[in-house]
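Here's the structure, in structure tokens; my notes come after.
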């Protein structure tokens, strides 16, 4: 049976650490992996538009010696009513892996149920695992002593996510629990993360030593944070809620005042695209503590590490 990556929780804490170390090695020694997926093909199914996901997977497959196919959901038969199961079975006969960026998480689950090749969740409404592994890689780089890459530096550090308790919040909880990093989610009532995901992360956190917390206290929630993270308040598919969410999230913008409540040297992260003046001020997102472009670059290296882990035959 193929190995899938639908959630960070599909990998054990030790495997997450291995994935991070592999991503770093690929970044430092790219030529070492040039032929790792020679002759292999990745099908990329997109229901949602993308910049970072598409470019990083497509470039990643090329640099690993393979090839990626862009498949817009409206251009293949899935857009005309072909079942997810049949789509999975057919593409499995042509390609060595499938990456899907979709609306409903149930779609990647059904793909995984029927495919005979690895399925990678490029984003769903429930989780965004590829993004948060790259977030972890970026923090390890910034927090490790110069010239080193030590995944252990995440233990005891605190990441505070401010905003909608969405797929980003869920996968940040997952990666925090897996690596021993503390995660605080600060979200308004009615927009807090899924209670079942919070519960599973708290259970894993008991093994890894991380602390998981969910609050709506915008004044005290960011205190003690080593990194503050945010995301857009209205994701793709929620555009009609934009005006309502602007009111509901009033006071949750990450600005210099909020960064001042965190620990000295606190970093700022955002999965992008960013809406300056909404979820984050221009002074923060474009300021010296922002590491958003290091974070964006690492999508490439993490994507390659996931591909090698799931698809390499060596």
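The values are calculated or read from the model by the stated rules, or taken from the named source; none is laboratory data. Treat the numbers as computed from the prediction; the structure is a model and nothing was measured. Backbone-built Cβ (ideal geometry, glycine too); neighbour counts: all protein chains shown.
Details
- Summed over segment 276-294, residues that are part of a helix (DSSP H, G or I) and either under 20 Å from the mean Cα position of the chain (by Cα) or not assigned by TED's automatic domain parsing to the domain that holds residue 165 (or both) total 4.
- Residue within segment 73-83 that is free of Cβ contacts under 8 Å to residues at least 40 places away in the same chain and in contact with a helix residue (DSSP H, G or I) (Cβ under 6 Å, 6 or more places away or on another chain) present: yes
- Enumeration of residues in segment 73-86 that are within 22 Å of residue 128 (Cβ to Cβ) and modelled with pLDDT of 95 or more: 84
- The criterion of at least 3 residues that are crowded, with 19+ Cβ neighbours inside 10 Å is met, among strands (runs of 3 or more DSSP E) falling completely within segment 62-154, by 97-101, 119-123.
- When restricted to residues that are assigned to a strand (DSSP E or B) and either touching a residue at least 60 places away in the same chain (Cβ under 8 Å) or under 12 Å from residue 126 (Cα atoms) (or both), segment 160-210 contains 4.
- All told, residue 42 meets the bar of being within 24 Å of the chain's Cα centre (by Cα), over 29 Å from residue 177 (Cα atoms) and not assigned by TED's automatic domain parsing to the domain that holds residue 140.
- Any hit, segment 26-42, residues being surrounded by 14 or more Cβ atoms within 10 Å (Cβ to Cβ), on the phi < 0 side of the Ramachandran plot and touching a strand residue (DSSP E or B) at 6+ places or on another chain (Cβ under 7 Å): yes
- Tally, over segment 43-61, of residues that are in a helix (DSSP H, G or I), in contact with a strand residue (DSSP E or B) (Cβ under 6 Å, 6 or more places away or on another chain) and surrounded by fewer than 21 Cβ atoms within 10 Å (Cβ to Cβ): 1
- The residue that is farthest from residue 4 (Cα to Cα), among those in segment 274-314 that are surrounded by fewer than 17 Cβ atoms within 10 Å (Cβ to Cβ) and in contact with a helix residue (DSSP H, G or I) (Cβ under 6 Å, 6 or more places away or on another chain), is 283.
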